[in-house]
1. Neighbouring Cβ atoms within 10 Å as the yardstick, rank ARG14, ARG204, ARG242 fewest first.
2. Let me spell out the model: positive unit charges on the Cβ of Lys and Arg, negative unit charges on the Cβ of Asp and Glu, origin at the Cα centre of the range 121-243. What dipole size does that give, in debye rounded to 20?
3. Could you rank the peptides 114-121, 20-27 by their average count of other C-beta atoms within 10 Å per residue, with the highest value first?
4. Which of the three applies to the chain, rounded, prolate or oblate, going by the alpha-carbon gyration tensor with a ≥ b ≥ c and a/c under 1.5 meaning rounded?
5. Less than 11 Å Cβ to Cβ from GLY9, Lys/Arg counted +1 and Asp/Glu -1: what total charge do the surrounding residues give?
6. Only bridges whose two residues both fall in the chain count here: according to DSSP, what percent of them are antiparallel, nearest 5?
7. Kindly rank 205-218, 172-185 from highest to lowest mean number of other beta carbons found within 10 Å of each residue.
8. Using alpha carbons only, how many degrees (0 to 90, rounded to 10) separate the axis of helix 98-107 from the longest principal axis of the chain?
Amino acid sequence: MTGKAYLVGAGPGRADLISVRGLSLLRAADVVIYDRLIARELLGEVRPQAERIFVGKQGHRPSTMPQEEINALLVNRVHAGLEVVRLKGGDGFVFGRGGEECLALAAAGLPFEVVPGVSAAIAAPAYAGIPVTHRDLASAFVVVTGNEDPAKDDKSVDWSHLAQLPTLVVLMGARQVSNICESLLRHGRRPDCPAAAIGSATTRQQRVVCSTLADLPQAMAGAQIHAPAVLVFGDVVTLRERLDWFEPDEGGAGFVPLEQPFQ
């Protein structure tokens with residue numbers, strides 16, 4: 001008997017932003033293989049008898065499990081006839097290596113389903129009161145990874161092109177923020193371009209700082225915003241002053257726990 005894998009996007013951090021489909025599958029899974037950037041409340045939704053396997057990565061530190069082993073683990077558990085939820089932060093197909101894992105399952109002839117998640121690329125700015133598009137300010141936006149050093153010679157991201165776009169959203173860019181800003185400036189983005197950094201988006205620990213392109217690294221340091229953080233560059237950042245709606249509270253206000261968790 002062959003099982004099935006479900007690549008489930010857990011959303012940008014807040015537990016109740018997972019999809020209804022994703023939550024239903026999580027509650028029924030035989031195995032849950034999960035990453036670091038998911039709401040821990042979601043693990044309370046897993047059946048007590050289900051197997052839980054942590055495979056999270058953190059920045060440039062050694063991985064708990066190399067990607068090749070994660071792929072092999074998925075294949076092994078599905079081949080054994082189990083219903084497997086691969087739980088990923090945000091959306092698994094947005095810089096989440098979900099495509100690699102599905103390719104491994106496809107190569108093994110095993111069934112899988114992709115359950116999209118709310119990507120931090122859109123959710124983090126939204127929770128900071130920053131729409132990534134606006135009819136008067138930006139008719140396009142682009143999302144790039146910030147893991148790549150813009151200063152390296154063989155970079156795959158074209159920063160000269162990105163510097164010209166109305167709205168630029170950078171995921172996983174906290175550690176490279178200085179290099180990212182320097183590269184954008186070098187390729188013609190104006191120094192006073194509005195910029196923002198959103199740390200721990202959608203959670204009770206969310207922090208936001210707005211600055212300019214030239215001053216964003218210093219502003220982030222002053223506000224103690226570290227990874228995980230989303231960077232936004234463009235005139236849409238100026239809308240935060242009027243659209244700042246989310247009020248994180250260490251006491252729990254602004255966070256709605258999932259109802260009826262498994263004990």
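1. Fewest to most other Cβ atoms nearby, the residues stand as ARG242, ARG204, ARG14.
2. Computed about the Cα centre, the dipole is about 340 debye.
3. By packing density, highest mean first, the sequence is 114-121, 20-27.
4. Cα axes put the chain in the prolate bin.
5. Summing Lys and Arg as +1 and Asp and Glu as -1 gives +1.
6. DSSP beta bridges in the chain are roughly 45 percent antiparallel.
7. 172-185, 205-218
8. 30 degrees
Bear in mind that the values in this text are calculations on the coordinates, not laboratory data. Since the structure is predicted, the reported quantities are computational estimates derived from the model, not experimental observations. Note that each Cβ is placed from the backbone with ideal geometry, even for glycine, and that neighbours are counted across all protein chains shown.
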